[in-house]
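The values are calculated or read from the model by the stated rules, or taken from the named source; none is laboratory data. Remember, predicted model here, so these are calculated numbers, not experimental data. Virtual Cβ from ideal backbone geometry, glycine too; neighbours counted across all protein chains shown. Accessible surface is based on the protein model in full, side chains and every heavy atom, while ligands, DNA and RNA are left aside. Shrake-Rupley method; radii C 1.70, N 1.55, O 1.52, S 1.80 Å.
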Amino acid sequence: MMRNPTWLRRAFSQTVVKMQPMTRHFSQGPASMQLDPSMGIVLEQLLRTVGTDRDVDQYLTLYGKMESQKFAVIKVGGEVIQRDLDTFACALTFLHRAGLFPIVIHGAGPQMNEVLEKDGYVPQYEGGMRVTDEYTLRVARRVFLETNLTLVDRLQSLRTPARPISSGVFEAEVLDPKIGFVGNITNVHKHAIIASINAGCLPILAPLAESKSGQILNINADVAAREVSLAFQPHKTIMINAKGGWVEPDGRKLSIIDMEQDYEEFLNRDYTGRQGTLLKLKELKLMLDNLPDTATIALTSPSGLVKELFTHRGAGTLVTKGEKINSYSSVSAAGGEGVLGALLSQSFGQQKFDSNFATKGHLHPHYWARLKEANSLLKIYCSASKSAAAVLADGVQENGKTVNYLCKFAVTERGIGNGTGSALWARIVADQPEGFFWRSHSESAINSWFFEKCSGSAKVQGSAPWIVFWYSKDKLPPTLVDKLVLKCEAVPRSYVDNEEFKALTESLVSQLKESFEMQAGRMPVICAPSFTSRQLCGTGAARSPQIVGRRASCVGLELQGLPRSLVAAPVVWDWSCKV
């Protein structure tokens, strides 16, 4: 089921209006359908977590391009259903009103423990798995069904269609006879889930499986979530817990876990009495290892769910595969102007133009040349996948303290989604102990993230309405702040609008014509697909029978005296001139 992005935006904007009746009791219907007015307060709190309209627009466009079942898999712990059911149900309702259908898997550990302990049973665990004998399995079946229906009933009371699915999805075999009727999932049958979504219902799954012989088996909910994610390959997998993220033994909640860098250190910790935490860590790693590079997992609270899905700031703890961030001392070493220019042109929050700030700008043709001429380039950071990059240049000094200028911080939508942007930021912070500063157009969609990261900010009016940000572990003296603000005011704009870009490319075409008249032999030229390629093909020189043009796959070529930074993608045209 595909969703039209325009329809999604309209549905999202109408969500508040559609859900206003939740703040009142229904005038008709059974008592179970009557709603507490406090639900309106819960909804309002959820809406406050959502970013700007631009944030929402970015994500609704992204989600509208994918199949409904590939949107998200959400695993919710039993403790959340016990203590914060209303907030979670309201968040799911919010998503459903926007035309989004997450696949939900719930646990019920605390509920099971309560029943077992009342009957004198002490829950036993092996490696984070619940030891499940025949009696425990009977309790599990009953409690899972009750928990499943509790969530479904709450959703339906909010007029959100939901379908309970307590069997028929997971096929499994006994994991280890020593721990009883615990299943190792061998297959995920998708039909019931897809049918639920196609019917407009949220699928709510219980973690129970069946063997080929029909034996019911208990499944750890984290394991069930992992297998559903591997089967559906969603954009995002979200673990909802009462702590709202991954909390360290000292009480710190981590904002990101980079499996590339952190896994071994986490794995070698002492998990005595916390085998469930170790199991969760292993499940997260196994999941990420078998999902696409763009996939991420988030650990958050019910109140953070909407923020996690609709803002680039996210909420809770983001768990990523991790990606190496490389640093270079020159543009050519970082991949060249073509590669970097393509990345900058696709970056989230890029400066926009026109009265509504809706049209993306173009990188100025002489941007890289200006850096080179000023001899101010210090370092270029670039992720291995080229989904994030940053350019650091000379900044300002005072009393022996140097604060460098972060003149570009570019992250594509993919880099935002998989946490590469956060990893890039962490690398810059680590490399710049004295701090750094940057500027951003006042209408940029990424400003809300910058405000969270910065130590201070100031509005200025230079070549455009800028916000100047700075980051420093120590408080910067006012005189130094004044210097960095003046620096930002003086720096020329690095992006231009369509008209200015067109004029600049027409100037380039004129130079190319002259070059054709002056040079013989083969002349490679990198052109911007948006204007220059078409214009060059339309010139008298290009139409000449003596000149043959073709699109080549090579990159990194340079025409002497002409800027390569007009490239919006690494496109090369080889013009062969017959002598």
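Quick notes
- Convex hull (Cα only) mean projected area of region 216-307, reported in nm² to one decimal: 7.2 nm²
- Each part gets one Cα centre, and for region 450-501 versus region 250-282 those centres are 38 Å apart.
- Rolling a 1.4 angstrom probe over the protein heavy atoms with all chains in place gives region 184-318 an accessible area of 39 Å² per residue.
- Förster radius 22 Å - calculated FRET efficiency between residue 82 and residue 262, Cβ distance, rounded to 0.05: 0.10
- Model label points for residue 124 and residue 369, set 7 angstrom from Cα along the Cα-to-Cβ axis, are 7.8 nm apart.
- Separation of the residue 384 and residue 500 label points, Cα + 7 Å toward Cβ, nm: 3.8 nm
- Residue separation of residue 289 and residue 189 scaled by 0.36 nm, minus their Cα-Cα distance, works out to 33.8 nm of gained length.
- Cross-link pairs exceeding 27 Å in C-alpha to C-alpha distance, out of 253/324; 408/453; 372/473; 379/473, comprise 372/473.
- Each 10 Å bin from 0 upward holds the following percent of the Cα-Cα pairs of region 396-445: 22, 44, 28, 6, 0.
- Peptide ranges 318-326, 171-179, 468-476 listed from the most packed, as the mean C-beta count within 10 angstrom indicates: 318-326, 468-476, 171-179
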